[in-house]
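Engineer: I am attaching a structure below and will ask some questions about it afterwards.
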Amino acid sequence: MTSVLGAPAAAAAAGLTVRKAAMADVTHLVRLVNRYAAQGIMLPRTEFEISENLRDFTVIISGGRVAGCGALHFYTATTGEIRSLAVEPECQKRGIGKLLVEALEAEARGFGLEAVFAFTYIPHFFAKLGFSEVDRGELPLKAWKDCLRCPKFQCCDETAVMKYFKDGAPPLPRPPR
């Protein structure tokens with residue numbers, strides 16, 4: 001199997017394929033994301049939402065099936081969000097989440113983005129990949145649009161993390177209030 005999207009050769013060596021999602025993946029992506037949404041870990045996504053945003057998604061294939069997914073969603077000309085990051089439970093602890101984040105970062109860099117951010121319940125995972133915790137007020141206001149439909153909107157317990165691609169990069173402009 002081969003890897004694309006700037007994923008490490010380690011993916012291919014492990015029998016994994018990193019690629020952009022295809023329409024044939026939609027049903028599996030809905031099931032995978034909504035498995036975690038049912039646990040209150042992610043926002044649920046409908047088939048329509050995933051189909052509409054399919055070009056944002058990258059998948060990792062193992063043994064001929066989707067083992068994990070993640071999406072890169074653009075918010076400004078310089079910033080994107082890594083979201084809908086999910087790995088099949090039986091495929092965890094194999095580096096698939098890390099490979100997904102690396103592929104999404106490579107894609108972001110390819111588009112000229114200066115930084116990516118995420119909302120997460122596992123900030124230590126992102127910290128190992130070079131992300132830092134940030135105040136959610138530092139993020140583009142548009143990033144909050146999904147928050148409005150979240151049942152935890154008034155008592156959010158996720159951590160905002162950001163990764164700048166240039167060392168010593170100045171903070172992104174604060175959104176207008």
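Engineer: Considering only protein heavy atoms and a probe of 1.4 Å, how much of the accessible area of the range 45-137 is carbon and sulfur, as a whole percent?
Structural biologist: In the range 45-137, the share of accessible area belonging to carbon and sulfur is 53 percent.
Engineer: In whole Hz, what ³J(HN,Hα) sequence does the range 121-129 give by Karplus (6.51, -1.76, 1.60; θ = phi - 60°), x for Gly and Pro?
Structural biologist: Values per residue, Gly and Pro as x: 9, 10, x, 5, 4, 5, 4, 5, 9 Hz.
Engineer: Can you list the HN-Hα couplings for the range 158-164, worked out from phi with the Karplus curve (6.51, -1.76, 1.60; θ = phi - 60°), rounded to whole Hz and with x for Gly and Pro?
Structural biologist: Values, residue by residue: 8, 9, 8, 10, 9, 10, 8 Hz.
Engineer: Tell me which residues come under 5 Å, amide H to amide H, from G68 once H is placed; ignore anything under 5 positions away on its chain.
Structural biologist: Sorted by chain and number, the residues that satisfy this are I60, E88.
The values are calculated or read from the model by the stated rules, or taken from the named source; none is laboratory data. Please read all numbers here as calculations on a predicted model, not as lab measurements. What goes into the accessible areas is simple: the full protein's heavy atoms, side chains included, and nothing from ligands, DNA or RNA. Shrake-Rupley method; radii C 1.70, N 1.55, O 1.52, S 1.80 Å.
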